Each structure stands twice: as C-alpha cells, then as structure tokens.
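One structure is given here, and the rest of the page talks about it.
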Amino acid sequence: MDLLGVTTMHTTTRQPRTKRATRSATLSLSTISVCLLFSCFLALSPASAADSIAVGSGRFVFSDPSGNTDKPITVWYHSPRRLNANTPVVFVMHGVKRNGREYRDSWAQYAERRRFLLLVPEFSKKYYPGSRQYNLGNMFSSSGEAIDRSKWTYTAIEHVFDHVKTITRLETNTYSIYGHSAGAQFVHRMMLFLPAARIGTAVSANAGWYTMPTNRWAYPYGLKKSGISLDRLKDAFKQNLIILLGDKDTNEKDKYLRRTPEAMAQGKHRFERGKAFFETARREAARLETPFKWKVRVVRGVGHSNSKMARAAASLLISRKPSPQRTSVPSD
C-alpha cells in the first residue's frame, strides 16, 4: 500500500488502542516511510555515482566532468572473475545502431577467456545524434566551427579510462580498442586525430568509409581543412593500428553503406575501401619518410559481422592470458 493509504488508516482509526499497540503502529509507519523514502532515493540516484565494478556483466552511466557533462554515456562492461591490478582493458565501439549491450554480450566470452576488462561505451542517438557526433568524433559543429578537444567523443574514451582506473584501482597505463562498422570509423579517426591517447593496440574492422590520411581530399574524406598537423600525422603512423577486413564484406547495396562521390572514390564496398585506406596511409608514410606501424589483416569467409570479426580481433588485441599477480584488486 502507498504512503497516503497508510497515513489515512492511521489518522481515521476510531478503535481505542493500548499504548503498546499505538507504539507498534507508529513504528510500523516509520519503518514503511523510511523504506519508501529510501526506495525513492535509489530510483533518483544517478548510475554514474557507482564507485565499483562488479564481477560479471553490468553497466554504469558516465557523466564526463571534463567534457560533455550534459551528455551521459552508458558504459556496458564485463569484468572477468580473476581481476587483478594489471588486468588489461579493452574498449569496444558499437556500430550505427548504438547497440552497446549487444556488443558487450558478444564480447563477454572473450573477456572471460582472455581475462580483460571489457568496456563498451554507448553513444546514444539522443545525446550524440548522427555521424558527426559519433563516427566523426564531435570535432566540428554543424556550422563547421572547431569544438574544444575536451568535448570530442574520442577524448571521452580517455576520460572513461581514467574513471574506471580510479574505481577499480587498476594499474595498467594503456588500453586496447576495437570498433566495427561505424565503430571502426570512430577508431581509425581517433588514431589519426588523437594519437597521444593511451592506446596500446587498435583494431578498425569493416569501416564503411574513411578519412584518408592525406591532404588530397577535404575533411571528412581526407585531412585537408581538418586542422591536423604534420607532426600529429607522423605520430599517428607510429601507432599500432590494425585494419581488419572481412573478405566477404562486399555488398554494394548495403543500406548503411555511404554512396557519396567521395566515398565511392574509396571503393565500391567496404572491403575495397579498407584496402584503399591502408595503401593510402602506407604511401603517405613513405612520402613523409616516417615510421609506419599500421597493418592490414583479412578474415576469410566473413562479411559484415561484428560477432565473427570479434573472434579474430580478440586474439589480435590480447594475445594470451595475463599472469595474475594477485587474485583481486585491493579495496583499500
């Protein structure tokens, strides 16, 4: 019964009571009121207030105090059973459907098997609508004005990493990141425009179209007018980026495949475009006479499927199970 009903019963009762009965009723009312108030408090408390990550699958809401505080990000996670201070961290970036939970569920088995902490930030359509605010990193406004780097969605990954390190007391200083489809667009652009991010290895799988690492094309199809410096581009080429391509991802009529003239110039389908992106990068690095650490890997017999690409990507990101130094992260 709700609080109003309980109060009404108490104030309209006409039967005489003993002191003991009256005291019992008063205590019962107090208990019910406290429970109801506590329930309301829990319902209104923000999920971002969570100060720990439980073993297994879960989620929390991150409101970035250093970035877009008014645009919360739901982070779906899976924590392996044997977590220690040196447990690797892997971010997985969802596709155009913004289905973070689905991506978390498909990757949870690899998190357990290879003992890494899985984080899947979901950039919802409500707060990050369209490709400009997600795939393109929220670098520019709709009018083309540059947005402060602290509010880039690329930078939000760094902030989530700091938050998770704080609440779990992890000591690892780097993380790996994987993205599929629209998430792959996010990843390869993050490597280009934020090469100082603490990424150990990045995997960009089956992106629909690319920001080519050359000034031959204007942003977002190339680097011209993007504001990127030559030094930053050279730094990007030195990072561990793997372009992962399914050789059956060749559907030219996919409804999510961009068909602008600039995108079509990259190739007829995702497989062609991925190879063109890598070759453009390789040639540009050679022209600049700078070290080039990017790689391309092809997954045979696989089309546009995150779950099937994930199997190959997991082994590229975490090659073996880390040797645990202690069975749990200290709580104090």
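The values are calculated or read from the model by the stated rules, or taken from the named source; none is laboratory data. Predicted model, so just to flag it, every value in this text is computed and none were measured. Cβ: placed from backbone, ideal geometry, glycine included. Neighbour counts: every protein chain shown.
A few notes on this one:
- Qualifying residue in the range 169-176 (condition: among the hydrophobic types (A, V, I, L, M, F, W, C) and either under 13 Å from the mean Cα position of the chain (by Cα) or under 25 Å from PHE237 (Cα atoms) (or both)): no
- Unmet requirement for LYS224, which otherwise passes all of (1) within 13 Å of TRP294 (Cβ to Cβ); (2) surrounded by fewer than 22 Cβ atoms within 10 Å (Cβ to Cβ): (1)
- Scan of the range 178-236 for residues that are touching a His at 6+ places or on another chain (Cβ under 6 Å) and either outside the structural domain of GLU158 (by TED's automatic domain parsing) or on the phi > 0 side of the Ramachandran plot (or both), ordered by number: ASN206
- Here GLU284, GLU279, GLU289, GLU252 are screened, and the one residue that is crowded, with 16+ Cβ neighbours inside 10 Å and modelled with pLDDT of 95 or more is GLU284.
- Test: ARG300 is of a type in the set (D, E, K, R), over 21 Å from ALA236 (Cβ atoms) and either touching a helix residue (DSSP H, G or I) at 6+ places or on another chain (Cβ under 7 Å) or surrounded by fewer than 16 Cβ atoms within 10 Å (Cβ to Cβ) (or both): yes
- The residues of the range 157-194 that are assigned to a strand (DSSP E or B) and farther than 16 Å from GLY274 by Cα, listed by number, are TYR175, SER176, ILE177.
- When the range 145-154 is filtered for residues that are touching a strand residue (DSSP E or B) at 6+ places or on another chain (Cβ under 8 Å) and in a loop (DSSP other than H, G, I, E, B), only ILE147 remains.
- Of all residues in the range 95-134, those satisfying the criterion of being surrounded by 21 or more Cβ atoms within 10 Å (Cβ to Cβ) and of a type in the set (Ser, Thr, Tyr) are TYR103, TYR110, TYR134.
- Subset of the range 73-86 [assigned to a loop (DSSP other than H, G, I, E, B) and either among the polar types (S, T, N, Q) or surrounded by fewer than 18 Cβ atoms within 10 Å (Cβ to Cβ) (or both)]: ARG81, ARG82, ASN84, ALA85, ASN86
- Enumeration of residues in the range 238-265 that are of a type in the set (Val, Ile, Thr) and part of a loop (DSSP other than H, G, I, E, B): THR250, THR260
- Residue check for ILE177: of a type in the set (A, V, I, L, M), in contact with a helix residue (DSSP H, G or I) (Cβ under 8 Å, 6 or more places away or on another chain) and within 17 Å of TYR127 (Cα to Cα): no
- Just one of (1) in a loop (DSSP other than H, G, I, E, B); (2) in contact (Cβ under 8 Å) with a residue 12 or more places away in the chain; (3) surrounded by fewer than 22 Cβ atoms within 10 Å (Cβ to Cβ) fails for SER142. It is (2).
- Per the conditions (1) in a loop (DSSP other than H, G, I, E, B); (2) surrounded by 15 or more Cβ atoms within 10 Å (Cβ to Cβ), the sole criterion not satisfied by ASP235 is (1).
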